[in-house]
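FYI, it's all coordinate maths here, none of it is from the lab. Here the structure is a predicted model, which is why all the values come from computation and not from measurement. Reconstructed Cβ throughout: ideal geometry from the backbone, glycine too, with neighbour counts over all protein chains shown.
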Amino acid sequence: MTSKFIRFGLFISLTFFWVSSKAQISYGGEPLFKKGKLKSELSTIYLPRFETATMSKAYEQVEGKNYLKHAQYAYRYTTSYNALNSGKWQVLDDGRRVWRISISSPGAYSLGLIFSKFRIPAGSQMFVYNNQSNRILGAYNEKNNKESGRFSVEPLQGDEITVEYIEPLHPDFIADLEIGSVLHDYKNIFNQLQGASRLKSSGTCNVNINCTAGDEWQVEKHSVCHILYGGYIASGALINNTSYDGRPFLLTAHHAVNSQEDADVAIFVFNYEAVDCESSVGSKSQSISGSSLLATTSGLDFTLLELSVIPPASYSPYYAGWDRSGRVPINTTCIHHPQGDVKKISADYDAPLTDSYSDTKFTFDPNTHWLILEWDLGTTEGGSSGSPLFDENHRLIGDLTGGAADCEDPEYDYFAKFSESWANYSEANQQLKFWLDPLNLGVETIDGVDPYKGLRAVITVSQDSICYESQVTFADVSLGEPDEFYWNFGDGAIPQTSIEKGPHVVSYSSPGRKQVKLIVRRNGVADSVVRSVLAMDVPVTNFNYTVDLNKVQMTNTSVEGMTYNWNFGDGAVSEEENPSHTYAGTGKYTIKLSAENLCGVNSTSKEITTTYNDLVRIYPNPSDGAFTVDLSQIIYLRTNWTVYDTKGAQIRSGVVSSYESMINFNLNGLSSGVYILNLNIDGVDLKRKLLLTN
């Protein structure tokens, strides 16, 4: 564990080095044209005229009918413009040389560049700007060189773009620069043009992350990024690993990025969001170019990338926590960039289902997706692919594949299950486990982390649920290298407390939910964290039921059951928690419920009847006047009741037109003796004797 802390300390101290050595991050300055030092004319290359209608038809033929939610926004021109065959060189008065090239693609909303070759010497600078000169990218320098030799430049507004390379005096080597692709934006997907021609990006039902609905997600939002790759857009999220070492892993979808070539040229834009709930404009100034493809497979719709650089502190990065247990969440939330728009939030207040996804291009392994039946807030769209699905504990449990949901009908979206992507395939390049559990802790959940927060108490636990007499392991993976520790493992823990770093192996003498607290200190600064563990016993099984003619509704009241099995006594069974069952005829049946958890199985049985006779109770009977009719086990729409004397004369009556579990009436003032109660429950007549005593 000590080596892990050394690595984390190095991560913090070397962050600037990493940023300076590999990032897309630019290093300031101005191109010479801004200073008026370049007087030669630009050499402009005009690309062949692009027809949007032709592109859309060709795209439909290639893509076919599918509901994947990545999106193409640009046509990719393949080029080979380099400093030897294109553009113009100019020698400055001080002896430095400058190469400039301008590329025009009429009608483009924006233009992006992919350098198929990018290797420049120390002291050099490269700037990229548009024909309006209203935004300048750069300077890029030798610190942007990558092992892949490729480099992507984010799109700039307008249909003309200029590259300016300034070579230093006596360079170590001659720069190798080649523009291999030009991306012609034909959809205005980045909402960059102002005025009457401006197009709306995502649908109007989408909700900005900085609206009230996003108040509880202001931490996790910093994990989510907008991805551009080869003329397509998607979404993704930074993700934590059990070392808590800030290694820049990023999860997205296989159908979006599944080759090293796409990973090399992908651009990851962080914190692209509107500042408030109403605005539609955000900044794209925080980006990283390039990544390594670590794991993916065509059988599961996930891709794990490692960014070419650790996101700097100025990006406020957050590495999302995750849950690989496969537990069905209570509700779900998605944070994403629909249609390349500013960051949005969508929510489903119900539990998702397990289902399969296939379309004209992909058939993923069966039952490996979460199905969102209907979004209660927002939706997802093209460009949302790969975005994270979070559970109610703010842990990542899936990434978006696609679906039919949109603003008009926000139903049916599919997310690849994180639990299935974990280790369904044994090879390291086809699973998440190898990368996200490098310490091989075997934990099912970990929380997210802000690597720049400083001292922070963090606990990992080997299991969230155990049998109370078995063992669970707690490990300290706190940030900031604390040197003092105080543990309290909760009620009935053995041991109860510790001042050692650990890890600690603990058992419990009694069942229940245990609150585990860790306090860490360093140089007088303290932080604390609380995690809970459920210590279980064998389930206590019980259930209630109601009858509606031959239909019986079960209400499971078992304690600590994890899975359930019902036998209805007529050959039918169910594994639902609260099933209903309709019998073929009236009669008596024995229903058996078995509940199982990690600690064992327990069962209980009840004999029920599907006739109302045995379900009606009257008390007190005999009575000195007041009678209560208990109908709590019967579901009905209307009940008529009448009390007669033994000669058939009507004494009392009433109607209950909406369901009530009890009927109360009083026979005070009548002579002692026997009376008859007639109940008509949804057309079924029942008779009971009443004994009145004075």
Two decimals, Cα atoms only, Kirkwood Rh: what is Rg/Rh over the chain? 1.13
How high is the relative contact order of the chain, given as a whole-number percent (alpha carbon pairs under 8 Å, six or more residues apart)? 9 percent
Fully extended, how many nm does the chain gain between LYS689 and ASN393 (0.36 nm per residue separation, minus their Cα-Cα distance)? 100.9 nm
With Cα coordinates, the longest principal axis of the chain makes an angle with the long axis of helix 52-63, in degrees rounded to 10, of 60 degrees
Quick query: amide H of ASP491 versus all other amide H atoms, modeled in the peptide plane; which residues come in under 5 Å with a sequence gap of 5 or more or a different chain? GLN515
What residues have an amide H closer than 5 Å to that of LEU690, excluding those fewer than 5 places away on the same chain, when H is modeled at 1.01 Å from N in the peptide plane? TYR675, ILE676, LEU677
Radius, Kirkwood style, for the stretch 453-536 when every pair of distinct Cα atoms is counted (Å): 12.7 Å
Sites matching GluC sites (Glu not before Pro) across the stretch 533-585 that sit in DSSP coil, with at most 15 neighbouring C-beta atoms within 10 Å: GLU575, GLU576, GLU577
Potential extension, ASN85-GLN650 segment - 0.36 nm per residue separation minus Cα distance: 192.5 nm
Which angle from 0 to 90°, rounded to the nearest 10, does the C-alpha axis of helix 2-22 make with the longest principal axis of the chain? 50 degrees
Can you give the alpha-carbon Rg of the stretch 135-282 over 2.2 N^0.38 Å, where N counts its residues? 1.25
Selection from PRO366, GLN430, ILE459 lying farthest towards where the dipole of the stretch 344-471 points positive, charges on Cβ: ILE459
Could you calculate the FRET efficiency of THR563 with VAL281 from 1/(1 + (r/R0)^6), where r is the beta carbon distance between them and R0 is 45 Å, rounded to 0.05? 0.35
Charges at C-beta only: +1 for Lys and Arg, -1 for Asp and Glu. How large is the resulting dipole of the chain about its Cα centre, in Debye rounded to 20? 980 debye
Efficiency by 1/(1 + (r/R0)^6): what FRET value for ILE635 and SER259, r their Cβ-Cβ distance, R0 = 45 Å, to the nearest 0.05? 0.20
For the stretch 616-694 versus the stretch 392-468, the gap between their alpha-carbon centres in whole angstrom: 58 Å
Would you work out which of SER148, LEU111, TRP89 lies farthest towards the positive end of the dipole of the stretch 68-173? Charges go on Cβ: Lys and Arg +1, Asp and Glu -1. SER148
Using the Cα gyration tensor of the stretch 380-534, the equivalent ellipsoid's semi-axes, largest first and to the nearest Å, work out to 34, 19, 16
For the stretch 459-607, what is the convex hull volume of its Cα atoms per residue in Å³? 112 Å³
What is the set of long-range amide H partners of ALA266 at a cut-off below 5 Å, with H atoms built 1.01 Å from backbone N? GLY290, SER291
Can you list the cysteines of the chain that have no other Cys Cβ under 4.7 Å away? CYS225, CYS334
Kirkwood hydrodynamic radius of the stretch 280-439, Cα pairs, Å: 16.5 Å
Dipole check, the chain, charges on Cβ (K,R +1; D,E -1), about Cα centroid: among ALA213, SER283, ASN664 the Cα furthest to the positive pole belongs to SER283
Quick one: if you stick a label point 7 Å off each Cα along the C-beta vector at ASP409 and ASN542, how many nm between them? 4.6 nm
Rg ratio (alpha-carbon, reference 2.2 N^0.38 Å) - the stretch 543-609: 1.08
Once label points are set 7 Å from the Cα along Cα→Cβ at both ALA351 and ASN440, what is their separation, rounded to one decimal in nm? 3.5 nm
What's the extension gain from ILE330 to ASP570 if we count 0.36 nm per residue and subtract their Cα-Cα distance? 83.1 nm
Expressed in nanometres to one decimal, the distance between label points 7 Å along Cα→Cβ at GLN515 and VAL674 is 6.2 nm
Set LYS592/LYS689; LYS146/LYS417; LYS187/LYS361; LYS143/LYS361; LYS221/LYS417 screened for pairs whose C-alpha atoms are more than 29 Å apart: LYS592/LYS689; LYS146/LYS417; LYS143/LYS361
Estimated FRET transfer efficiency (ASP172, ASP376; beta-carbon r; R0 45 Å; 0.05): 0.15
Please report how far the C-alpha centroid of the stretch 535-590 lies from that of the stretch 496-534, rounded to the nearest whole angstrom. 39 Å
In whole Å, what are the Cα extents of the stretch 257-354 along the three principal axes, biggest one first? 39, 37, 26
Defining a contact as two alpha carbons under 8 Å apart and six or more residues distant in sequence, what relative contact order in percent does the stretch 351-417 show? 31 percent
What is the packing order of peptides 208-219, 655-666, 160-171, taking the mean over residues of other C-beta atoms within 10 Å and listing the highest first? 160-171, 208-219, 655-666
Can you tell me the mean projection area, over all orientations, of the convex hull of the stretch 92-172's alpha carbons? Units nm², please. 5.8 nm²
Could you list PHE33, PHE418 in order of exposure, starting from the residue whose Cβ has the fewest other Cβ atoms within 10 Å? PHE33, PHE418
